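To keep things clear, I will list the structure first and then write my remarks on it.
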Amino acid sequence: MIKTLFLAELKMVLRDRRILITSIILPLLVTPLMFLGSSWNLKRREKVLQTMAYRYAVTGSQADVVRSMVILAKELRSTNREPVQLPESKLEKRRRRPTAAAPSTLRFDERSCTNATAALAAGQIHLIIEGLAEGEQRSSGTNTGGVTASTRGTTSDDESEPTVRGVPLIRLVYRADRDDSAAAMAQIQAALREARALLREKLLHAHGFPVRFKQVAVIGETDLASQRQIAGLAIGRGLTLLLLLFILTSGAVVATDSLAGEKERGTLETLLTTAVGRRDILAAKSLVIVAIALVITLIQTLNLLVYVGLKLLPVPPGLAAAITPSIAILLFALFLPIAALAANVLLLISGYARSYKEAQMYFLPMLLVGLLPALAPFLPGVSLRSVIALVPVANLALAAKEILIGSFDWPMIALSWIVTAVAAWWTTRLGLRVLAAERLIIAAQSDAAEFAGGFALFERQVWIWFGVIWAALLIVSNYIEKTDLRLQIIINLLVLFFGSCLLMLRRYPLDPRSALALRAPRPAVWLGVLVAVPGGFLTAVGLFHLANLILPVSTKMTESFNEAVFPRGISTVQLVFFLTVLPGIFEEIAFRGLLLHGLHRRLRPPALVLVVGIAFGIFHVTLFRFVPTACLGAMFAAVTLLTGSIFPAMLWHALSNALGILAFKLQLPENELNAVCYLCGAGLLAIAFWIFWRHRTPYPGLRLSKGSPYRNDSVQPRIDADAHG
């Protein structure tokens with residue numbers, strides 16, 4: 001029966017021109033066009049930048065010195081003198097941009113300008129060369145009217161050349177947002193360095209220096225990576241991203257029309273009236289989407305093998321050697337779980353949507369989130385032998401990159417494949433179970449929850465609210481990250497978090513007492529909180545150090561974070577208020593209040609604690625803090641579920657932050673703690689949760705397991721009455 005449905009669905013797919021174009025024709029054409037376009041564009045750009053005659057203006061009191069240096073630089077290039085190689089400063093390395101190779105002759109023309117800065121901004125010239133005396137030297141990196149000033153030797157910091165008394169300064173002013181201006185700066189800078197090196201060499205030789213500059217310390221480079229490995233790295237980073245982009249965009253067309261489109265047209269009800277079961281229908285539709293995803297995967301593998309492996313397209317040297325038939329087959333097998341996982345997610349989204357338009361609305365955020373794991377190969381220092389091997393899609397993306405550079409870590413490759421395959425199998429079962437529900441199969445313009453509103457609608461949309469809050473937090477933080485810490489906390493906590501919570505309470509409308517768990521816990525719970533504060537703090541620090549072994553964090557990064565969180569000029573009283581009292585109240589209202597309340601009937605307690613903790617860690621943005629922050633968030637959620645009250649979590653949160661401030665002020669050596677301290681912290685945490693368990697008054701209305709003594713409705717009112725005193 002599934003086979004019959006699958007073949008029927010496949011015939012309808014093949015008759016649809018949109019699907020043929022997006023699933024077969026575009027994947028066949030895009031890859032070779034990308035290779036051809038990038039190769040042609042790169043060659044054209046290099047040719048233009050090499051043959052262009054750059055225009056520059058000379059300004060400043062030392063203009064004669066500048067002109068003499070430029071003339072000497074042109075002479076050196078015209079005589080093809082071997083340039084003297086000197087080390088670059090940190091500032092020059094940071095500002096240097098990839099440009100075309102330096103031409104043998106310097107094609108620069110001086111132009112007279114009454115206002116050189118305006119001429120540079122208008123594009124009339126490419127570069128300003130200023131000659132400044134010692135008293136005219138300004139600080140490095142000034143920016144006036146969008147013009148970037150590249151200073152060499154005006155300040156005494158470690159990123160600039162030291163200033164020498166009585167020596168004039170040559171400043172190069174250019175536009176970093178224009179390729180021609182950046183290329184002009186790079187070429188004239190290299191030429192002026194050669195001229196300066198020649199003058200220095202002559203001066204030293206006149207004073208008896210016995211050897212030439214380049215003979216003082218001969219530096220040689222030996223690259224142990226082959227051209228195949230270099231080329232494999234270049235294509236391996238983006239290969240999974242490109243494949244996943246094709247699968248999601250092309251598969252979305254099939255998935256959206258398969259379920260959401262049929263529900264909107266009313267044809268799905270006709271199929272449901274037959275003897276075919278729902279799971280058979282879903283299995284056949286899932287197999288069609290998987291088949292399309294596999295076709296796309298096969299096409300991309302053949303593209304690599306045919307166009308690159310057989311050198312039918314101009315590709316980087318060594319790339320053809322990296323794409324052999326055996327490597328292509330291995331990559332195809334490697335990407336099979338990714339194709340299945342993406343197909344299952346697409347089917348789940350299509351089945352959840354009640355119309356074609358709604359499915360398209362869900363597709364864009366899914367695409368953005370789905371592509372994030374494929375960016376793992378672009379992260380510096382991330383190895384397959386780390387926790388990343390347990391992250392579906394990201395692990396296989398790293399494995400593909402390592403395979404293309406010739407590194408075959410077979411145990412980790414196999415583990416990554418199994419992890420992603422298990423994720424694909426789990427999403428298959430989840431889709432078959434969830435999509436068999438009547439509400440998701442039968443098309444309807446609205447359902448009971450939308451009619452009723454209130455909590456029934458809130459628990460369905462709570463994740464959308466918190467997704468919007470997270471996006472707003474990222475945008476706002478980008479604009480206020482350099483403002484006063486107190487202003488940042490007020491905007492984030494009071495405006496974003498608390499303001500959104502008030503909107504949710506009003507929108508649905510919810511009872512604040514039950515939605516925020518404003519109930520009094522038993523008195524012994526407060527003793528457990530006092531024990532849990534040091535235990536949770538030490539446990540979180542220990543988890544941070546464990547995570548640091550997998551994803552190392554530099555000392556400079558942690559110092560910068562401490563400077564941002566504990567700025568100078570703010571008194572200890574203010575730090576305690578803004579970093580303990582306000583977060584303890586308003587973060588708990590958002591996460592252990594409304595988020596936990598919105599999910600408490602949809603997830604069982606272990607999953608609920610985990611999800612709320614992960615969300616708490618994600619909202620703190622900083623990657624290296626994710627593990628300890630998520631751990632603390634899960635602890636706060638657990639104590640809220642056990643006590644049925646948000647107040648213990650508020651107190652624990654505030655005291656934990658206060659303990660962190662105290663550790664920073666007293667300069668306690670957190671990095672020097674041994675394993676015994678962390679074990680003691682875990683022991684204190686266990687004692688605290690034992691107290692919570694002994695004096696528990698569980699959160700009302702939890703989705704408990706079948707064997708739970710609190711599952712019966714007849715028991716629940718007694719527990720609630722006990723919890724409320």
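The values are calculated or read from the model by the stated rules, or taken from the named source; none is laboratory data. Not measured: the values here are computed from a predicted model. Don't worry about glycine lacking a Cβ; one is built from the backbone with ideal geometry, like all the others, and counts go over all protein chains shown. All accessible areas refer to the heavy atoms of the entire protein, side chains included, with ligands and DNA or RNA removed. Shrake-Rupley method; radii C 1.70, N 1.55, O 1.52, S 1.80 Å.
Miscellaneous remarks
- Of all residues in segment 186-207, those being open to solvent by 70 Å² or more (accessible area, probe 1.4 Å) and under 18 Å from T117 (Cβ atoms) number 0.
- Residue count for segment 263-294 satisfying the condition of being surrounded by 20 or more Cβ atoms within 10 Å (Cβ to Cβ) and either without any contact (Cβ under 8 Å) to a residue 60 or more places away in the chain or not in a helix (DSSP H, G or I) (or both): 3.
- For segment 619-630, a residue qualifies if it is of a type in the set (A, V, I, L, M) and touching a Ser or Thr at 6+ places or on another chain (Cβ under 9 Å), and exactly one does: V621.
- For segment 509-526, filtered to residues that are assigned to a loop (DSSP other than H, G, I, E, B) and closer than 16 Å to G701 by Cβ, the residue that is nearest to the chain's Cα centre (by Cα) is L516.
- Taking segment 364-387 as the range and being free of Cβ contacts under 8 Å to residues at least 24 places away in the same chain and hydrophobic (A, V, I, L, M, F, W, C) as the test, the residues that pass are L364, L368, V369, L372, A376, L379.
- Qualifying residues in segment 150-185 (those that are at pLDDT below 80 and either open to solvent by less than 30 Å² (accessible area, probe 1.4 Å) or of a type in the set (G, A, S) (or both)) - the one nearest to A53 (Cα to Cα): S150
- Filtered residue count, segment 377-411, keeping only those that are assigned to a helix (DSSP H, G or I), modelled with pLDDT of 85 or more, under 20 Å from the mean Cα position of the chain (by Cα) and among the aliphatic types (A, V, I, L, M): 6
- Hey, I230 surrounded by 11 or more Cβ atoms within 10 Å (Cβ to Cβ), at pLDDT below 80, closer than 30 Å to A328 by Cβ and of a type outside the set (D, E, K, R) or not: yes
- Residue ID - nearest to the chain's Cα centre (by Cα), chosen from residues in segment 189-207 that are touching a residue at least 12 places away in the same chain (Cβ under 8 Å) and more than 11 Å from R77 (Cα to Cα): Q189
- Check on P392, farther than 21 Å from F335 by Cβ and open to solvent by 20 Å² or more (accessible area, probe 1.4 Å): no
- Contact annotation: residue pairs with Cβ atoms under 7 Å, 6 or more positions apart or on different chains, pairing a residue in segment 649-667 that is farther than 11 Å from P583 by Cα and in contact (Cβ under 8 Å) with a residue 12 or more places away in the chain with a partner that is open to solvent by 10 Å² or more (accessible area, probe 1.4 Å) and outside any helix (DSSP H, G or I), are F664/F566.
- Complete set of residues in segment 208-227 that are in a helix (DSSP H, G or I) and open to solvent by 70 Å² or more (accessible area, probe 1.4 Å): K214, Q215, Q227
- Scanning segment 434-477 for residues that are in a helix (DSSP H, G or I), surrounded by 15 or more Cβ atoms within 10 Å (Cβ to Cβ) and at pLDDT below 70 gives L440, I441, A449.
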